[in-house]
Amino acid sequence: MVSDRIFGLGIIFVALFYLWSAANIQIGFLSDPVGSRTFPYLIGGIALLCALVFVVRPDPDPVWPRLPTLVRIVAAIAVMYLFSQTLKPLGFIIPAAIASGVLSYLISPRLLASALTGIGLSIGLFIAFNSALGLSLSPFGRLITG
């Protein structure tokens with residue numbers, strides 16, 4: 001119960017800081033009708049409400065993961081960090097394929113299935129982001145563009 005309450009209090013402080021930061025966003029001359037603060041307010045408000053639930057209604061006895069699970073969690077965080085750092089120089093497809101494959105392997109250690117998942121996800125997400133969402137991602141970064 002104590003760990004949930006400590007976590008909830010920590011998230012409350014983060015959410016309040018986030019809301020304070022959102023209040024300081026400068027509104028430009030050409031802003032949309034909703035405003036540039038609405039989405040950050042929404043995220044901060046939801047985080048605050050969720051944190052209050054942790055403080056008011058904590059789990060009676062949380063079960064902490066064992067060491068192998070903690071190692072996989074740390075590895076997943078490291079993979080996501082490396083993915084974010086390699087997007088610009090390598091483009092989207094190669095880092096996304098590697099990150100997706102490694103994360104898939106961490107969930108279910110089957111090498112061929114993880115490799116195919118990584119390749120399929122990277123190509124599928126690239127097509128979805130470029131076509132459906134209209135984002136202009138570089139497929140191979142500086143490898144081809146120079």
Worksheet item: With respect to L121, is the statement that it is more than 15 Å from the chain's Cα centre (by Cα), open to solvent by 40 Å² or more (accessible area, probe 1.4 Å) and at pLDDT 95 or above true?
Response: yes
Fill in: Residue selected from region 48-91 under the condition in contact with an Asp or Glu (Cβ under 8 Å, 6 or more places away or on another chain) and in a loop (DSSP other than H, G, I, E, B), by the criterion modelled with the lowest pLDDT
P62
Discussion item. Quick check on region 36-62: of everything there that is of a type in the set (D, E, K, R) and touching a residue at least 40 places away in the same chain (Cβ under 8 Å), which residue is least open to solvent (accessible area, probe 1.4 Å)?
Written reply: D59
Item to complete: Could you grab the pairs with beta carbons closer than 8 Å, sequence gap of 6+ or different chains, first residue in region 1-26 and under 12 Å from I43 (Cα atoms) and part of a helix (DSSP H, G or I), second one at pLDDT below 85 and of a type outside the set (F, W, Y)?
Response: A22/R37
Fill in: Subset of region 84-105 [open to solvent by less than 40 Å² (accessible area, probe 1.4 Å) and among the hydrophobic types (A, V, I, L, M, F, W, C)]
F92, I93, A96, A97, A99
Worksheet item: When you scan region 98-138, how many residues do you find that are farther than 23 Å from K88 by Cβ and in contact (Cβ under 8 Å) with a residue 40 or more places away in the chain?
Response: 0
Response to the item:
Taking region 1-35 and keeping residues of a type outside the set (G, A, S), open to solvent by less than 70 Å² (accessible area, probe 1.4 Å) and at pLDDT below 80 leaves I25
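The values are calculated or read from the model by the stated rules, or taken from the named source; none is laboratory data. Bear in mind the structure is a predicted one, so any value in this text is a computation, not a measurement. We place every Cβ from the backbone using ideal geometry, glycine too, and count neighbours over all the protein chains shown. Remember, those area values only see protein heavy atoms, side chains included, never the ligands or the DNA or RNA. Shrake-Rupley method; radii C 1.70, N 1.55, O 1.52, S 1.80 Å.
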